[in-house]
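Here's the structure, in structure tokens; my notes come after.
Every read-out reported here was derived from the displayed coordinates using simple, explicitly stated rules and does not represent laboratory data. Quick caveat: nothing in here was measured; it's all calculated off a predicted structure. Ideal geometry is used to build each Cβ from the backbone, glycine not excepted, and the neighbour counts take in all protein chains shown.
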Amino acid sequence: MAKIFFRTLFFNCFTVFENKIAFENVFLQHNFSNMNYTTLPNTDLKISKICLGTMTFGNQNTEAEAHAQLDYAVERGINFIDTAEMYPIGGNAQIFGSTERFIGSWIAKIGASEREKLVVATKIAGPNRGMEYIRQPLDFSKKSITEAVELSLKNLQTDYIDLYQMHWPERVMNMFGKRGLTEIDTNWNENFFEVLTVFDGLIKEGKIKHIGVSNENPYGVMKFITESEKHNLPRIVSIQNPYSLLNRLFEVGLSEICMRENVGLLAYSPLGFGFLTGKYLNGFPENSRMKLFPNFVRYTNENCFKATKLYKDLAEANGLTLTQMAEAFVKSQSFVTSTIIGATSLEQLKENIDSFQINLSPEIINEINKIQEIHPNPAP
């Protein structure tokens with residue numbers, strides 16, 4: 001009888017121990033072992049190789065949905081969150097700033113100690129985009145930058161911003177669908193030194209830690225770097241530009257500059273506004289981004305459809321979804337510091353994160369490059 005009792009006790013204890021080990025292994029694997037990290041160039045900030053984009057929060061996503069995405073992203077090991085003062089996308093005066101406010105209410109909920117583990121990035125809006133409701137004038141003057149930073153700090157319910165970015169340049173240039181530059185903006189006066197001086201003051205006040213650019217060209221990147229070196233002013237540490245199978249223009253000029261000057265690419269739109277999921281090949285589904293925002297035509301030209309179909313066929317021929325191949329391709333580039341992903345549902349978010357576990361073979365990369373030669377950068 002005693003033997004049976006101790007045998008049963010031993011078996012039960014071993015089973016509990018075994019289950020505990022199994023649970024811990026699953027927990028560790030699910031949370032952090034599959035997430036890769038790097039250091040944001042010229043900083044001591046450790047960031048996840050996946051950054052959570054948030055531009056749907058406040059328009060396509062409710063506050064509760066936004067909090068659920070943030071919780072899940074952190075659970076999966078993401079510690080890098082990107083937003084902007086102008087978000088949500090498709091915004092107007094009524095919902096302006098709601099993305100930052102949703103993130104702020106979440107930060108307040110998780111508490112200061114958890115906030116310290118995050119790297120939070122936001123952006124100041126530039127001019128020329130029909131967003132006069134944000135402030136007047138929309139520029140990078142000391143007054144505008146200071147007002148923007150103070151409002152973002154309030155909305156985000158935080159004492160500091162880890163990475164503060166200029167969403168697009170003050171000057172009119174080729175971006176958002178414009179392939180080349182044939183004329184310069186003669187109404188703009190160069191002010192790189194003045195802008196950096198303002199940021200220098202805000203960094204010394206502890207309101208922002210580091211600065212970056214977005215939707216920028218080689219000229220702007222080099223001017224910021226030159227001015228910072230010449231006057232011992234803050235150096236840009238990142239550039240947030242589009243990079244995907246449909247837009248590889250970063251490889252022309254900017255990639256060498258950023259690798260040699262140690263400026264990290266935060267690649268946005270790796271799925272081309274959702275186009276590289278393949279869901280738009282047979283029309284625009286109801287409540288999809290293309291249906292909701294028909295004025296966003298960057299990805300709707302004929303060559304985008306043709307290229308997307310070829311990429312989809314290639315992915316499926318290799319046992320992958322188009323989403324998986326598209327995001328794995330961006331991840332594979334050495335000049336990409338972190339890839340910004342976005343989603344309107346937890347299912348989409350999970351698929352996006354899971355896609356980064358895939359490594360593409362040299363053969364698939366070679367086939368991708370062949371398609372790029374046929375339809376080069378159809379979504380500039």
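Each of Ile50, Ile364 was scored by other Cβ atoms within 10 Å of its Cβ. Arranged with the fewest first, they read Ile364, Ile50.
Between Ser334 and Asn366, the modelled labels are 2.0 nm apart [label points 7 Å from Cα along Cα→Cβ].
Once both labels are positioned 7 Å from their Cα atoms along Cα-to-Cβ, the gap between Asn295 and Asp44 label points is 4.5 nm.
If R0 is taken as 35 Å, the Cβ-Cβ distance between Asp313 and Tyr72 corresponds to a FRET efficiency of 0.65. Taking Cα centroids, how far is the range 233-255 from the range 346-375 in Å? Comparing the Cα centres of the range 233-255 and the range 346-375, I get a distance of 19 Å.
Each part gets one Cα centre, and for the range 53-112 versus the range 170-206 those centres are 27 Å apart.
Each DSSP beta bridge with both residues in the chain is either parallel or antiparallel, and the antiparallel ones are about 10%. Taking a 26 Å limit on the Cα-Cα distance, which of the listed pairs Lys109/Lys204; Lys46/Lys279; Lys109/Lys209 fall beyond it? Violating the 26 Å Cα-Cα cut-off are Lys109/Lys204; Lys46/Lys279. Taking K and R as +1 and D and E as -1, what net charge do the other residues with C-beta under 14 Å from the C-beta of Ile340 add up to? With Lys, Arg at +1 and Asp, Glu at -1, the net is +1. How charged is the neighbourhood of Arg235? Take every other residue with its Cβ under 12 Å from the Cβ of Arg235, and add Lys/Arg as +1 and Asp/Glu as -1. My count for the surroundings of Arg235 gives -3. Other residues within the sphere of radius under 9 Å centred on the Cβ of Ala125, judged by their own Cβ, net out at +2 (K and R +1, D and E -1).
Which of rounded, prolate or oblate describes the range 246-298 when judged by the alpha-carbon gyration tensor and an a/c cut-off of 1.5? Taking the square roots of the gyration eigenvalues as a ≥ b ≥ c, the range 246-298 is prolate. Here the simple spin-label model places points 7 Å from the Cα toward Cβ, and for Glu194 and Glu373 these points are separated by 4.9 nm. I need the calculated FRET efficiency for the pair Glu205 and Met35, taking r as the beta carbon distance and R₀ as 41 Å, to the nearest 0.05. So, using R0 = 41 Å, E works out to roughly 0.80.
Between Pro234, Pro362, Pro137, the residue with the greatest mean-square fluctuation in the GNM of the chain (Cα pairs under 10 Å linked by springs) is Pro362. Contact order for the range 30-240, expressed relative to its length and based on alpha carbon pairs under 8 Å spaced 6+ residues apart, stands at 17 percent. Between Ile358 and Ile184, the contour length at 0.36 nm per residue exceeds the Cα-Cα span by 58.4 nm.
Amide H to amide H distances under 5 Å link Thr54 with Asp82, where only residues 5 or more positions off or on other chains count and H is placed in the peptide plane.
Residue-wise HN-Hα couplings along the range 212-226, as the Karplus relation 6.51 cos²θ - 1.76 cosθ + 1.60 with θ = phi - 60° gives them from phi, are x, 10, 8, 6, 10, 10, x, 4, x, 4, 5, 5, 4, 5, 4 Hz; Gly and Pro carry x.
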